[in-house]
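Q: Quick one: the structure is below, questions incoming.
The values are calculated or read from the model by the stated rules, or taken from the named source; none is laboratory data. Quick caveat, the model's predicted, so the values are computed rather than measured. So basically every Cβ, Gly included, is an ideal-geometry build from the backbone, and we count neighbours across all protein chains shown.
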Amino acid sequence: MIRPRPPDWMRSVRFRLAAIYSAALFAVGGALLGSLYLVISHTIDHVNKEELVFIGQPPHDDTGQGLEFRRTIVLSNGPAELQFHRQVNERALEKLRDFALVWLGGLAAMSLGLGWVIAGRVLRPIDDIGAVARGIQAQSLSRRIGLRGPDDELKRLADTFDAMLDRLERSFEAQRRFVADASHELRNPLAILRANLDLVLADPGSSKDALRERAGVLQRAIERMGRLVDDLLALARAESPSERSAPVDLARIAVETGEEFGVLAGAKGVSLDASVGPAPVVGDPEALRRAVANLVDNAVRVAPAGSKVSIAAGRENGWAFVSVADEGPGIGADDRTRVFERFARLDGSRSRADGGTGLGLAIVRGIAEAHGGEVALSSLPGRGATFTLRVPAEKP
């Protein structure tokens, strides 16, 4: 047999809190009245039925000293008098019991109503949180609870919810910017591919030299798209926790990366200098190698001919670090935080016209944060820039 389901209001937290409050108050009140009843009953049972004692002042005190006197009225030990006193005592106890039951019934009803009101006031901030949560969509994350009042558990809950909404709003905004920037970056090489293909198809009698020239343009556009797609995938991996973790020495990665970029730097007339010490960490070797490579690649691309790129690695204050310094144009104070953003557009000295995709430093930051570290920048305009990747060092 299926039991009927209680109404929703009886299954609510508010009703349960009110019921608990009422039950607790009823139990305390019942215990107090029960104790009082037992004490009075015990006292009455032991009252001397044979004498009543009056203490007071004599009706006429000629001495004026107000002496205390005692007058004892001795009652007969006959059964009629004793029965009379028993009936009086029993009737008083019955009245007290009836009053206690009525009082407890009224207390239960009043405490339940009072508990319902108090529980409603206490739970009102939670209703406000639920109302805000129901009204939030991905396009309207600007709503906040803004709960005022004492710094209690509900206030901290509302503040935590507001902080979560702040993070979600920033995340959605960054995602929208990222999608828009990625679409724009992919649109440019696609437009180049389409324009050159249309040009070739519109002129079937093009010479081999013209076709070769168009093919070179298409190849460069395809390579740019390939680099952009690779960087997008690397950025997605960098911002996700890596499951690959192994002991690795950042110093060795720094030296090997310098060797890999030696030919490219030499072709530009830039010298590479490495000064490293032990820098053991536990992390994803491939991700850390890519982060260091991005820093070195960025430095080599912006370094002028005849300058030097310095690579250093070591361990300091519980951190393992790799720093890459160039003698390029430097980065202005206004751009020192924007340089780590995706598709950051800075001044011409560090634009993507030199072959970058605008994602290299964003990938470095994502890898550093995924390893519990950070990437820092120090720069003076016209005197170069130094990027430092820090990761918690492996404990000895």
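Q: Of the residues ASP98, ASP127, ASP151, which is of a type in the set (Asp, Glu) and part of a loop (DSSP other than H, G, I, E, B)? Please lay out each step first, then the result.
A: Working: ASP98 fails: part of a loop (DSSP other than H, G, I, E, B); ASP127 fails: part of a loop (DSSP other than H, G, I, E, B).
Sole residue among the options that is of a type in the set (Asp, Glu) and part of a loop (DSSP other than H, G, I, E, B): ASP151.
Q: Please go through (1) within 30 Å of GLY34 (Cβ to Cβ); (2) in contact with a helix residue (DSSP H, G or I) (Cβ under 7 Å, 6 or more places away or on another chain) for LEU154 and return the number of the only condition it doesn't satisfy.
A: Unmet for LEU154, out of (1) within 30 Å of GLY34 (Cβ to Cβ); (2) in contact with a helix residue (DSSP H, G or I) (Cβ under 7 Å, 6 or more places away or on another chain): (1).
Q: Turning to a different aspect of this structure: Quick check, is ASP284 surrounded by 15 or more Cβ atoms within 10 Å (Cβ to Cβ), of a type outside the set (Phe, Trp, Tyr) and more than 33 Å from the chain's Cα centre (by Cα)?
A: Here the answer is no, as ASP284 does not meet what is asked.
Q: Check ASP231 against each of (1) surrounded by 18 or more Cβ atoms within 10 Å (Cβ to Cβ); (2) assigned by TED's automatic domain parsing to the domain that holds GLU374; (3) charged (D, E, K, R) and name the one condition it does not meet.
A: It fails just one condition, (2).
Q: I'm trying to understand the selection: among the residues of the stretch 303-313, which are farther than 21 Å from ALA368 by Cα and either surrounded by 22 or more Cβ atoms within 10 Å (Cβ to Cβ) or under 39 Å from the mean Cα position of the chain (by Cα) (or both)?
A: If the condition is that a residue be farther than 21 Å from ALA368 by Cα and either surrounded by 22 or more Cβ atoms within 10 Å (Cβ to Cβ) or under 39 Å from the mean Cα position of the chain (by Cα) (or both), then ALA303, VAL309 are the ones that fit.
Q: Let me ask something additional. Limited to the stretch 272-309, what total is found for residues that are in a loop (DSSP other than H, G, I, E, B) and not hydrophobic (A, V, I, L, M, F, W, C)? Even if it seems obvious, please write down each step before you answer.
A: From the stretch 272-309, those in a loop (DSSP other than H, G, I, E, B) are 277-279, 284, 303-307; that's our starting set.
Retained after the next criterion (residues that are not hydrophobic (A, V, I, L, M, F, W, C)): 277-278, 284, 304, 306-307.
Residues that pass the stated criteria total 6.
Q: Considering only residues that are modelled with pLDDT under 90 and either of a type in the set (Lys, Arg) or not assigned by TED's automatic domain parsing to the domain that holds GLY382 (or both), which ones fall in the stretch 302-338?
A: ARG336, ARG338
Here is a yes/no grid of residues against (1) farther than 29 Å from GLU341 by Cβ; (2) among the hydroxyl-bearing types (Ser, Thr, Tyr); (3) free of Cβ contacts under 8 Å to residues at least 12 places away in the same chain:
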residue: VAL122; (1), (2), (3): yes, no, no
residue: ARG143; (1), (2), (3): no, no, no
residue: ASP152; (1), (2), (3): yes, no, yes
residue: MET164; (1), (2), (3): no, no, yes
residue: ARG176; (1), (2), (3): no, no, yes
residue: LEU186; (1), (2), (3): no, no, no
residue: ASN196; (1), (2), (3): yes, no, no
residue: LEU201; (1), (2), (3): yes, no, yes
